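Here the structure is laid out as structure tokens; the discussion comes afterwards.
The numbers here are math on the coordinates, done by the rules we state, and not lab data. Remember, it's a predicted structure, so these values are computed and weren't measured experimentally. Cβ sites come from the backbone with ideal geometry, for glycine too, and all protein chains shown count toward neighbours.
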Amino acid sequence: MKTLGNIIWLVLIGFWHCLGYMLAGIIFCITIIGIPLGIACFRIGSFALLPFGRTVETDYEAHPVGNVIWLALVGAGEAVAYAIIGGILCVTIIGIPFAKQCFKLMKLSALPYGAEIT
């Protein structure tokens, strides 16, 4: 099922999410100050490509300054967007597995520093 979920996710959502995060990561990495933000974008983008069968474990105490800066700049908006999309997907039975992936992405996009993707 995770293979089928990943294929459907990749075709409908994953490719575009990954492409957007990778482009944002490249833009952030152009400047020296933005390199940590770019690395976080690359991490989120790699997870957004194929999220089924993978888990996100966030260590909230790791890199607190980086997480606060990320949350203030881009993380809060992304997390709210994923929460809304996940809530909408939960309305249908077919959308529930995709909503779970949105909630994983919500957790990762809110606090990416110190997150483990397994």
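State the number of residues belonging to the stretch 86-104 that are free of Cβ contacts under 8 Å to residues at least 40 places away in the same chain and within 17 Å of the chain's Cα centre (by Cα).
Residues meeting the conditions: 7.
Filter the stretch 40-49 down to the residues that are without any contact (Cβ under 8 Å) to a residue 60 or more places away in the chain and farther than 9 Å from PRO112 by Cβ and list them by number.
Within the stretch 40-49, PHE42, GLY45, ALA48, LEU49 qualify.
Of all residues in the stretch 50-82 being touching a residue at least 60 places away in the same chain (Cβ under 8 Å) and closer than 14 Å to TYR113 by Cβ, which is farthest from the chain's Cα centre (by Cα)?
This residue is GLU57.
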